[in-house]
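Working notes for the structure below.
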Amino acid sequence: MILKITLVGLFAGVIGTGFGGVISAIFKKKVDKYIDFFMGLSGGIMLAVVVFDLMKESMEVMGVIQTVIFTFLGVIITMFIKSRLDVSGDMKSGYLIFLSILLHNLPEGLAIGSSFMSKESLGMTLAIVIGIHNIPEGLATALSLVGSNMKITKVILFTVIAGIPMGIGSFLGAYFGGIFNSLIGVFLATAAGTMMYVVLEEIFPKSRSLFCIIGFLVGTLIVYCI
């Protein structure tokens with residue numbers, strides 16, 4: 001049963017973010033031309049996930065004050081990682097986005113694993129929903145990496161890797177049940193802080209144009225509809 005839950009969570013994560021990476025391959029030749037729009041799209045997707053998904057769920061689990069504290073902790077951790085990240089400026093934002101998606105997928109895996117142990121149909125439904133909403137997150141990761149001129153095969157590999165923590169989280173959620181269930185809010189808020197910092201510090205300052213704003217609004221609508 002635990003192996004089945006782990007595989008379901010792994011497939012939901014890998015297929016979701018990986019499909020987002022494949023979609024980015026379609027836009028590869030146009031990224032340079034429309035980079036402001038695509039960066040705005042990535043930022044819109046990520047901020048919408050932070051507000052509509054991560055912080056909202058964290059507040060439901062552990063309240064507003066603790067959510068704000070751990071979100072800020074996520075920002076501090078990301079600032080520290082950025083200061084230690086030894087890559088070029090163009091690549092840095094892409095790697096930070098990749099890291100934020102990694103952190104984000106672990107608590108979602110925990111939620112899937114815990115739900116399966118409560119009721120199998122609930123766990124399967126949650127895995128499908130999370131897998132679908134991982135597509136725009138994989139797209140956000142991929143577009144940022146493509147924008148820094150990374151090879152498309154490597155970009156898709158990164159988006160697939162980003163989904164793996166969901167399988168790990170599903171295993172932990174199923175195996176330990178209530179122990180990790182109480183920490184889901186902490187993981188969600190920390191991931192929210194990471195994503196928020198990346199968008200406000202790395203993406204938007206580099207893409208100040210009307211096309212960035214349009215992309216941001218489109219990204220927000222994509223997450224809201226999914």
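No value in this document is a laboratory result; all are computed from the given coordinates. The structure displayed is predicted, hence computed values, not measured ones. Heads up, the Cβs are rebuilt from the backbone with ideal geometry, glycines too, and the neighbour counts pull from every protein chain shown.
Summarising the label geometry, the points placed 7 Å from Cα in the beta-carbon direction at Phe80 and Leu210 lie 4.4 nm from one another. Here the Karplus relation 6.51 cos²θ - 1.76 cosθ + 1.60, evaluated at θ = phi - 60°, turns the backbone of segment 150-159 into coupling constants of 6, 4, 5, 5, 5, 4, 4, 4, 4, 5 Hz, with x for every Gly and Pro. Ranked by the mean number of other Cβ atoms within 10 Å of their residues, highest first, the peptides 215-225, 154-164, 59-69 come out as 154-164, 215-225, 59-69.
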